[in-house]
Amino acid sequence: MSNQVTGAQALVKSLEHAGVDVMFGIPGGAILPAYDPIYDSKIRHILVRHEQGAGHAATGYAQVTGRVGVCIATSGPGATNLVTPIGDAAMDSVPMVAITGQVPSAAIGTDAFQEADIRGITMPITKHNYLITNPDDIPRAIAEAFHIASTGRPGPVLVDIAKDALQKMTELKWPSKINLAGYNPKTKPDSQAIRDAAALIAQSRKPVLYIGGGVIKANASKQLLKLAELTGAPVVTTLMARGAFPDSHQLHLGMPGMHGTVAAVTALQKSDLLITLGARFDDRVTGKLSTFAVNAKIIHADIDPAEIGKNRFADVAIVGDVGEAITALIPALEAEFKKSKPDLTQWWSQMGSLRAKYPVGYDHPADGSVSPQYVIERIGAISGPDSIYVAGVGQHQMWASQFVKYEKPRTWLNSGGAGTMGYAVPAAMGAKVGAPDTTVWAIDGDGCFQMTNQELVTCALNNIPIKVAIINNESLGMVRQWQTLFYNSRYSNTSLESKRIPDFVKLADAMGCVGLRCDTTGDVDKVIKEAMAINDQPVVVDFSVFRDAMVWPMVAAGTSNDDIMVARETAPDWDSQEL
Amino acid sequence: MATHTLSVLVENSPGVLARVASLFSRRGYNIDSLAVGPTENSEISRMTIVLNLEGHALDQVIAQLFKLVNVIGISEMTEADSIKREALLVKVKAKKSDREKVLEVSKKFNGVIVDETDDSVTIEATGPSADIEALLNSLEQFGIKELVQSGLIALERGSITLADRTLSTSGVAISDPNSATADYQN
C-alpha cells in the first residue's frame, strides 16, 4: 500500500503525530494547501483575527499547559505579523512552533507577491528555524521543531514551507529518531558542582534563593519548596517566576527588581550567597550591575550554558535541568547540614523587619477616584489563587505582579523579557483554551487593550470565555510615570483619552462580549462578582481608575538597587536597620 | 590580546553562515576574518573565525555559538598548538625596470608568479599572517593595484582532529570573573 500524500497532508499528519491538539492561525495564499487537510483534522484550529494574536495565544497556551504552542500563518505579512510573538516567546523561553507558508520555491528570491524572507527575519529571535522546499523534509522538520522547542531551554522554532512543497506528493514517514549533531542539551547536573554548591550553602550566613522562570518551566516548584524549607533561606521570585513559590509562605520576600519589594531587593543586595535557580540576572533585577549584590557569591543553575557568567560571574555553575539540580542538591545539603547548619536568625531578623516595615502598598486617591492597585488586589482576592492571571505590559502588569497573591505555578502569565504591549488578551485566550475549566483574567491597560482587543471576537465566536479587566487610566501609564519622574511631567504623547473614546463597554458588546463599567471604589467588588458569574461569554470590565497612580517601590533604570525608593523621593529608612 | 581564532564545525546546510553572522552581529562581536569551506566530511563545513573581542569573554562567545543548532563543534586555535595560514593574491605594478626586484621580493616570501602583463604581475603566496603582511609591506614600494586575502585558516597540530575533540562536548562555559557585562542604563 502506498503512503503517498501531499506535503500539506504530511504537515497535518506530522502535527497530529507530534501531539498537537490545538493551533491558532489565519489562512492565506501560500499556506492555503495546508488548510485543506486541516479541515478534516482532529486538531482544533482557532481562526484568529490577527496573526499576532495567534502567536501570543500559542504562548499563553504553552505557558499554562507546559506543552508546545502552535501558530500558523501565510507568507509575507502573515509571517511578519508573527515576528513580535516569536520574539516575545524567545525572550521568555516559551516552547512554540510557528508554521508559515512561503511562496513557491521557484519564486523565492524574486520579490514575489507576499514574499518575505521569514527565515532570515526570525533568525535572531528563534531557537532554530527551517525553510522547507522539498515535501520529503516536512515530517523530519516538524519532528525536529517540536523536539528543539520543548527540550533544553525552551523557545520558538519556525518552519517556513514553500507552497509547492505543500502541493507536491511525498511519502509519509515519521522519522524514527531525531538526529541533531549540534543539539544535545545537557540536563543532568554535574555532581561535583552540586557538592560545591551544597558546601557554599552550608557556609553562608546570608543566603537568598533567587528564583527565575526556569523553575516553572522545569515543573520544579515542589522540589523548590523542599529545598527552601531545608535551607530556611529567604526566597525571592522574579517577574517570570511569580507562582513558583507560594506568596503565602513565610520564607517568601516577594519579587526583586525595578518594582520589587524592599525586602526582596535588599536581600539580594546584602546577601553573601545567591542560590540562583533558572534566573538570568536580567537588568530589571540587578539594577546597575557593578553594584549588584557585591558581597555575594553566586551559585547559578541554568539549563542554558550561555547564561552562566553572561552578566555575572558564577562561583559555582550548575548546567542542567533546574528540577534535577534541586533534587540532587537536597541530599547533598542534608549531608552538609549534618556536619553544621548555619544560623540564619540574624539574617531573618533583618529581612523580616524589612518585610514588615515595607510591604507593597498604595493609597486611595484623595480625589475619590478608584485606585488601580485596589481593583487588581480585589480581582486577585475574589477570583483566588486557582485562577490564571494574564497581564499586558506597564503599570498594571507590575501591580498585577505585586497585588495578586500567587500560590501555584502557571497561574501568572506576562510578557517579561520582551515587554510586549498587547500580550494580555490573546495570551489569555490561549491560556483559556489550554485550561478551559479555569477562570482566566486578563488584567490589561487601556493602552495595551487597544493593540490586540480584536481577539475578543475570536473568543466570543469560539466559546473562550475569558475575563478582561481594563485598568483604564486613559494613559500609557508607565511611560507617563517616567515622564513624571524623569521628564519634568511633560506628558508628550501619553494621553490616550480612553475614558472618552472608545467606549469600551460598547466595544465589548459589539465584539460579542459582555461589557461592564466600574467608576467607583464601592462598586469594585460588585462588578468583579458580576463578571465572575458570567461563564458563557467573554466579559470586559472597564475600570476607570486614578490617572496619576504610580508603581512603587522603584529602582530607577541604570541606578543601583541600593537606591531603591519606596515612594517618590522617599528612600527606606536604612539607619534604623542593621544590615 | 583580544584576538582569538576559533575553528567551528557546522552542518553543511543552507543559511548556516547567515546564522553565525547574525549571532555575531546581534551580540556585538567583531569578526576580523572568516573563512568557510568543505571538510573531509561532505555534510560538515568548517569555519575559521578570527575575533577581536573587546569587552566580551571568549567563553561567552563560544557558549552562544554552541546554541546554534547547526554548530557541531568549536575549538580555539592557539598559537602554540595550531598551524595558521593565509592565502594571498596580489597584483603589483611591475614596469620592466622594476620587474627583477619584484620577482626577488616575491621569491623571498615563497611567492609564485601566476600572471604577468607588460606593466603588472600577480603573485600568489601562502603563509602565516606575519609573512603575508611582510610580503605586502615589501611590495608596497612598487605599487599594489589590487589584492585579495583568504582570511585565516587553521589546523590543530598532532594527530587528533577537531571532529574527534568536539563532537562530544556540550558547550559548557567556564566564566572569567572579569568578563561580566559592563554597566548600562536601560
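Things worth noting here:
- Among residues of segment A:315-326 that are more than 14 Å from chain B (Cβ to nearest Cβ), those with a Cβ under 8 angstrom from a residue that is among the polar types (S, T, N, Q) and assigned to a loop (DSSP other than H, G, I, E, B), sequence gap 6+ or separate chain, pair up as A:323/A:219; A:324/A:187.
- Residue check for residue A:386: more than 27 Å from residue A:288 (Cα to Cα), away from every other protein chain (no Cβ under 14 Å), part of a loop (DSSP other than H, G, I, E, B) and within 28 Å of the chain's Cα centre (by Cα): yes
- The residue of segment B:16-28 that is nearest to the other protein chains (Cβ to nearest Cβ), among those that are over 23 Å from residue B:164 (Cα atoms) and touching a residue at least 40 places away in the same chain (Cβ under 8 Å), is B:19.
- Reported count of residues in segment A:282-333, each being farther than 29 Å from residue B:69 by Cβ and of a type in the set (Val, Ile, Thr), is 4.
- Some residue of segment B:24-32 being assigned to a strand (DSSP E or B), on the phi < 0 side of the Ramachandran plot and not acidic (Asp, Glu): yes
- Look at segment A:469-486: where a residue is farther than 28 Å from residue A:532 by Cα and a partner is among the β-branched types (Val, Ile, Thr), sitting 6+ places away or on another chain with Cβ atoms under 6 Å, you get A:479/A:494; A:480/A:494.
- Scanning segment B:149-182 for residues being at pLDDT below 60 and either more than 29 Å from residue A:193 (Cα to Cα) or more than 7 Å from chain A (Cβ to nearest Cβ) (or both) gives a total of 5.
- Given (1) over 22 Å from residue A:376 (Cα atoms); (2) not assigned by TED's automatic domain parsing to the domain that holds residue A:432, index of the condition residue A:486 fails: (2)
- Scanning segment A:451-459 turns up at least one residue that is part of a loop (DSSP other than H, G, I, E, B) and surrounded by fewer than 24 Cβ atoms within 10 Å (Cβ to Cβ).
- Scanning segment B:73-101 for residues being farther than 17 Å from residue B:35 by Cβ and either out of contact with any helix residue (DSSP H, G or I) (no Cβ under 7 Å at 6 or more places or on another chain) or without any contact (Cβ under 8 Å) to a residue 24 or more places away in the chain (or both) gives a total of 13.
- Among (1) assigned to a helix (DSSP H, G or I); (2) farther than 12 Å from residue A:53 by Cα; (3) in contact with a Phe, Trp or Tyr (Cβ under 7 Å, 6 or more places away or on another chain), the one test that residue A:441 misses: (1)
- Restricting attention to segment A:217-257, the residues being over 23 Å from residue A:553 (Cα atoms) and without any contact (Cβ under 8 Å) to a residue 40 or more places away in the chain number 4.
- Across segment B:49-88, the qualifying residues are those that are touching an Asp or Glu at 6+ places or on another chain (Cβ under 6 Å) and of a type in the set (A, V, I, L, M, F, W, C), and the one among them that is nearest to residue B:114 (Cα to Cα) is B:50.
- Within segment A:269-279, considering residues that are surrounded by fewer than 24 Cβ atoms within 10 Å (Cβ to Cβ) and of a type outside the set (Asp, Glu), the one farthest from the chain's Cα centre (by Cα): A:270
- Among all positions in segment A:354-363, there is at least one residue which is assigned to a helix (DSSP H, G or I), surrounded by 14 or more Cβ atoms within 10 Å (Cβ to Cβ), over 28 Å from the mean Cα position of the chain (by Cα) and not β-branched (Val, Ile, Thr).
- One residue stands out in segment A:283-302 among those that are surrounded by fewer than 22 Cβ atoms within 10 Å (Cβ to Cβ) and facing another protein chain (nearest Cβ under 10 Å): the one that is nearest to the chain's Cα centre (by Cα), namely A:284.
The values are calculated or read from the model by the stated rules, or taken from the named source; none is laboratory data. Here the structure is a predicted model, which is why all the values come from computation and not from measurement. Cβ sites come from the backbone with ideal geometry, for glycine too, and all protein chains shown count toward neighbours.
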